[in-house]
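Enquirer: Got a structure for you, written out below as structure tokens; questions coming shortly.
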Amino acid sequence: MPRGPPGFCLWMTGLPSAGKTTIGKVLVERLSERGWYAELLDGDELRKGLSADLGFDRVSREAHAGRVTYVAKVLARNGAVPIVALISPYRTSRARARAEIGRFVEVYINTPLAVCEERDVKGLYKRARAGQIKEMTGVDDPYEPPEHPEIVVDAVRMTPVESAAWILRELERQGWLPSGPAPAAAPSGGRAAR
């Protein structure tokens with residue numbers, strides 16, 4: 001059967017309240033406008049179903065990231081662009097995701113902790129500071145920033161819309177996306193280039 005261009009995974013990592021999900025929603029809209037099938041895999045939403053049995057200790061966080069990785073891999077290999085919005089605080093889980101998915105773009109939503117605490121509409125940081133929540137990333141559990149992400153977003157200087165536009169420009173520059181709409185499906189037996 002004719003196939004469209006190969007999919008790839010956009011893995012957005014950053015502290016809680018860094019802006020991952022908000023930016024991800026804009027990206028889904030912008031990619032859809034270009035003719036791509038994009039799916040937002042939000043870590044908090046997936047915890048309600050896929051990972052409802054997991055806690056927030058390191059082993060559980062790694063297991064959660066592993067489940068999200070599997071879903072993203074299936075979507076990407078079928079031509080979709082899964083946009084993962086997941087704290088994924090440990091470099092080891094992100095490295096495993098990269099190795100397993102293959103076509104993987106790490107996007108670091110670089111928002112300082114103080115700004116994340118100001119933006120925290122759920123009040124999680126405040127509760128963690130009061131000792132009501134344990135193992136909160138950025139408070140009493142570490143966040144390991146990416147060492148060599150493909151894209152870095154300054155979500156303090158840029159709005160979510162500007163951040164999404166920056167990510168799309170970088171994807172074009174790096175050859176993940178053509179400028180403009182998604183290319184048509186390749187003829188039967190043909191292969192679409194990245």
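Enquirer: Is there a residue in region 85-105 that is within 29 Å of Ser32 (Cβ to Cβ), out of contact with any Cys (no Cβ under 9 Å at 6 or more places or on another chain), charged (D, E, K, R) and buried (at least 18 other Cβ atoms within 10 Å of the Cβ)?
Expert: The answer is yes, given that some residue of region 85-105 is within 29 Å of Ser32 (Cβ to Cβ), out of contact with any Cys (no Cβ under 9 Å at 6 or more places or on another chain), charged (D, E, K, R) and buried (at least 18 other Cβ atoms within 10 Å of the Cβ).
Enquirer: Sort out which residues of region 108-136 are under 30 Å from Arg98 (Cα atoms) and among the polar types (S, T, N, Q), and write them in order of number.
Expert: Asn110, Thr111
Enquirer: If we only count helices (runs of 4 or more DSSP H) wholly inside region 51-120, which ones have 2 or more residues that are within 24 Å of Phe8 (Cβ to Cβ) and of a type outside the set (A, V, I, L, M, F, W, C)?
Expert: Result: 58-77, 91-101.
Enquirer: What number of residues within region 5-25 are hydrophobic (A, V, I, L, M, F, W, C) and closer than 18 Å to Gly35 by Cβ?
Expert: Residues flagged as hydrophobic (A, V, I, L, M, F, W, C) and closer than 18 Å to Gly35 by Cβ within region 5-25 amount to 2.
Enquirer: Working only within region 1-44, note down all residues that are part of a strand (DSSP E or B), in contact (Cβ under 8 Å) with a residue 60 or more places away in the chain and in contact with a Lys or Arg (Cβ under 7 Å, 6 or more places away or on another chain).
Expert: If the condition is that a residue be part of a strand (DSSP E or B), in contact (Cβ under 8 Å) with a residue 60 or more places away in the chain and in contact with a Lys or Arg (Cβ under 7 Å, 6 or more places away or on another chain), then Cys9, Trp11, Met12, Thr13 are the ones that fit.
Enquirer: Go through region 143-167 and count every residue that is without any contact (Cβ under 8 Å) to a residue 60 or more places away in the chain, assigned to a helix (DSSP H, G or I) and either among the aliphatic types (A, V, I, L, M) or surrounded by fewer than 16 Cβ atoms within 10 Å (Cβ to Cβ) (or both).
Expert: Residues flagged as without any contact (Cβ under 8 Å) to a residue 60 or more places away in the chain, assigned to a helix (DSSP H, G or I) and either among the aliphatic types (A, V, I, L, M) or surrounded by fewer than 16 Cβ atoms within 10 Å (Cβ to Cβ) (or both) within region 143-167 amount to 1.
Read the figures in this text as sums done on the coordinates, not as results from a lab. Keep in mind the model is a prediction, meaning the values are calculated, not measured. Counting neighbours? That spans all protein chains shown, and the Cβs are built from the backbone with ideal geometry, glycine included.
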